[in-house]
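> Got a structure here, written out as structure tokens. Questions coming.
What follows is calculated from the coordinates using simple rules that are stated; it is not laboratory data. Remember, it's a predicted structure, so these values are computed and weren't measured experimentally. Because the Cβ atoms are built from the backbone with ideal geometry, glycine has one as well, and the counts that use them run over all protein chains shown.
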Amino acid sequence: MLVSTIYVMDDNGTGSRYGFSTESLVNLTEEMVFDAIQEAIDTREEPFCQCDVCVQDIAALALNSTPAKYTRSDVDRYFPTPSELKEQARIRNIAREQVALAIRIIQKYCHH
Ligand SMILES: [Zn+2]
């Protein structure tokens, strides 16, 4: 028996299928991983394929291995507390490590 789920976009003014808005939520980890990939593109001595497929594979792999860090308000984002800054630095280091690892893994399977 085929069971399918149909999600109906709810026109509740939020642009979300939920009954609440998610538009202020930002995953800071995404920015950290994308920054780390750009850093690798700009500075890495060992070349790696930078086509859209490989770079997005690298991003997906690194994002799945780096803790998510969500924030809601611009105050949290642009004026973080000292402990929040420390936490962001910790995650940024993990993002860099995971991007370096992802580049090695994806290049092993890149055949174009
Ligand atoms: Zn490629």
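> Are there any pairs with C-beta distances below 8 angstrom linking a residue in the stretch 85-101 that is touching a residue at least 60 places away in the same chain (Cβ under 8 Å) to a residue that is of a type in the set (Lys, Arg), with the two at least 6 apart or on different chains, and if so which?
Within 8 Å, the pairs are 88/69; 91/69.
> I'm checking my understanding of the structure. Among residues of the stretch 38-71 that are under 14 Å from residue 96 (Cβ atoms) and assigned to a loop (DSSP other than H, G, I, E, B), which one is nearest to the ligand (Cβ to nearest atom)?
Out of the qualifying residues, it is 44.
> Return the total of residues in the stretch 72-112 being within 16 Å of the ligand (Cβ to nearest atom) and either in a helix (DSSP H, G or I) or farther than 27 Å from residue 44 by Cβ (or both).
Within the stretch 72-112, residues that are within 16 Å of the ligand (Cβ to nearest atom) and either in a helix (DSSP H, G or I) or farther than 27 Å from residue 44 by Cβ (or both) number 8.
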